[in-house]
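Report on one structure; see the data block that follows.
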């Protein structure tokens with residue numbers, strides 16, 4: 001785990017977010033899969049767990065809070081990071097109270113998200129060391 | 001004292017001074033809305049540089065915010081200059097329509113892809129969100145945009161109208177009123193009006209600059225020598241603790257300075273208007289953005305630190321009064 005690349009799932013129904021973030025996050029060697037639909041993302045999660053899930057909060061059909069709840073129910077060690085718009089900071093707080101690792105408000109720089117992912121990665125790795 | 005008694009107490013001269021104070025405060029509000037618009041332009045420009053991840057929602061929110069602020073600015077202008085209301089609101093409506101068309105733009109691209117007018121390859125070259133933001137920036141202040149069609153051009157038009165209508169000629173007309181209130185030969189040749197106290201009661205008791213607790217006024221005059229103006233004042237200043245509105249009373253030198261020096265860099269600003277007789281390049285310290293119009297020159301410095309605002313006002317004061 002210590003030297004393995006992170007498996008990151010990115011869910012946002014706005015195509016541009018995945019399109020721009022994927023290459024930016026892959027620069028550090030991590031594996032990134034992008035999804036525009038929550039349902040497809042959750043189905044993929046059932047096939048293979050991810051270390052980190054980055055999800056937009058406002059999406060049609062399945063929103064970010066539901067993704068958060070379902071992901072944590074499937075895998076308690078996965079860190080979920082919520083992406084919010086300007087008007088949804090309150091909901092983001094709700095997400096934190098439900099176990100989200102952190103949240104980031106749009107617009108943001110990939111480097112800002114990378115910082116959060118690094119913190120999540122540290123926690124994941126320290127958790128791995130404690131259990132081995 | 002109840003409101004009726006207070007109103008009865010306010011005499012004719014007091015109500016004129018009160019009107020002057022209200023107009024001064026409204027003009028500051030007008031500038032604050034203009035400043036908020038410039039901040040929105042800057043935010044959009046920053047996001048367009050390519051480093052940020054944003055979605056369509058951001059661009060639509062930006063457009064909505066600009067329309068809302070522009071509306072507030074137009075409202076302020078109409079309060080200051082009611083007779084210009086119809087023309088300003090007509091232009092404002094045009095901008096609202098432009099904004100609506102811009103928001104529809106992404107839909108337009110999608111529609112045309114499905115109908116075959118625009119090939120998917122063409123649309124792939126620029127992401128729709130970036131394309132939309134680029135269009136929005138053109139509408140704000142684009143060099144390629146048709147003349148007078150930008151928000152910036154409209155802002156300049158509003159500024160010119162307000163400054164002309166509210167301008168030095170109007171203020172000069174009030175000279176007898178200021179003289180009555182502040183004495184024939186005031187300290188430093190500046191009629192001083194307390195924005196908050198003198199609006200409800202005739203100025204009295206304060207005869208010297210030192211009687212006024214105004215941070216920006218102190219900065220402005222800190223490096224100026226004693227000044228005697230035997231023929232009466234050539235300036236009028238409306239002041240608050242953090243606020244200063246300085247106006248020339250000379251017909252041959254039109255000058256207006258409005259500043260907020262609260263110590264909060266995000267809110268503080270200096271705005272200057274001068275006719276073409278003044279050479280703002282030499283009058284103002286570096287760091288000001290200067291715009292020329294047919295009517296005169298507008299200059300502003302926004303988001304400035306406490307130290308910069310202090311230094312800037314000191315330099316302007318020295319150049320104006322020494």
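The values are calculated or read from the model by the stated rules, or taken from the named source; none is laboratory data. Note that the structure is predicted; figures quoted are calculated from it, not measured. Note that each Cβ is placed from the backbone with ideal geometry, even for glycine, and that neighbours are counted across all protein chains shown.
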- prompt: Among the residues of the range B:88-97, is any within 30 Å of residue A:58 (Cα to Cα) and either outside the structural domain of residue B:127 (by TED's automatic domain parsing) or surrounded by fewer than 18 Cβ atoms within 10 Å (Cβ to Cβ) (or both)?
  reply: yes
message: Being surrounded by fewer than 20 Cβ atoms within 10 Å (Cβ to Cβ) and part of a loop (DSSP other than H, G, I, E, B) is the filter here; which residues of the range B:247-270 pass it?
response: B:251, B:252, B:262, B:263, B:264, B:265, B:266, B:267
field: Test: residue A:57 is at pLDDT 95 or above and within 14 Å of chain B (Cβ to nearest Cβ)
entry: no
- line: Flagged in the range A:72-90 as away from chain B (no Cβ under 14 Å) and assigned to a helix (DSSP H, G or I), in numbering order, are A:72, A:73, A:74, A:90
field: Verdict on residue B:39 being crowded, with 18+ Cβ neighbours inside 10 Å, at pLDDT below 95 and closer than 30 Å to residue A:56 by Cβ
entry: no
- request: Could you tell me which numbered condition residue B:118 fails, if it satisfies all but one of (1) modelled with pLDDT of 75 or more; (2) in contact with a helix residue (DSSP H, G or I) (Cβ under 9 Å, 6 or more places away or on another chain); (3) in a loop (DSSP other than H, G, I, E, B); (4) within 30 Å of residue A:19 (Cβ to Cβ)?
  value: (1)
query: Using beta carbons and a limit of 7 Å, which pairs, at least six apart or on different chains, have the first residue in the range B:228-251 and at positive phi and in the same structural domain as residue B:192 (by TED's automatic domain parsing) and the second one modelled with pLDDT under 90 and not in a loop (DSSP other than H, G, I, E, B)?
result: B:232/B:179
- prompt: Among (1) under 18 Å from residue A:122 (Cα atoms); (2) at pLDDT 90 or above, where does residue A:28 come up short?
  reply: (2)
Some residue of the range B:271-280 being within 19 Å of residue B:25 (Cα to Cα), touching a helix residue (DSSP H, G or I) at 6+ places or on another chain (Cβ under 6 Å) and buried (at least 22 other Cβ atoms within 10 Å of the Cβ): yes
field: Filtered residues of the range B:129-140 (kept if in contact (Cβ under 8 Å) with a residue 40 or more places away in the chain and surrounded by fewer than 17 Cβ atoms within 10 Å (Cβ to Cβ))
entry: B:130, B:134
task: Kindly indicate whether residue B:277 is touching a strand residue (DSSP E or B) at 6+ places or on another chain (Cβ under 7 Å) and either over 26 Å from residue B:36 (Cβ atoms) or at pLDDT below 95 (or both).
output: yes
- line: Contact list, first residue from the range B:47-61 and more than 7 Å from chain A (Cβ to nearest Cβ) and over 17 Å from residue A:15 (Cβ atoms), second anywhere and buried (at least 16 other Cβ atoms within 10 Å of the Cβ) and at pLDDT 90 or above, beta-carbon distance below 8 Å, six or more apart or interchain, is B:48/B:133; B:48/B:137
message: Taking the condition of being assigned to a helix (DSSP H, G or I), away from chain B (no Cβ under 14 Å) and out of contact with any strand residue (DSSP E or B) (no Cβ under 8 Å at 6 or more places or on another chain), how many residues in the range A:1-41 meet it?
response: 2
- prompt: Could you list, in sequence order, the residues of the range A:92-119 that are within 14 Å of residue A:55 (Cβ to Cβ), without any contact (Cβ under 8 Å) to a residue 60 or more places away in the chain, part of a helix (DSSP H, G or I) and within 14 Å of chain B (Cβ to nearest Cβ)?
  reply: A:116
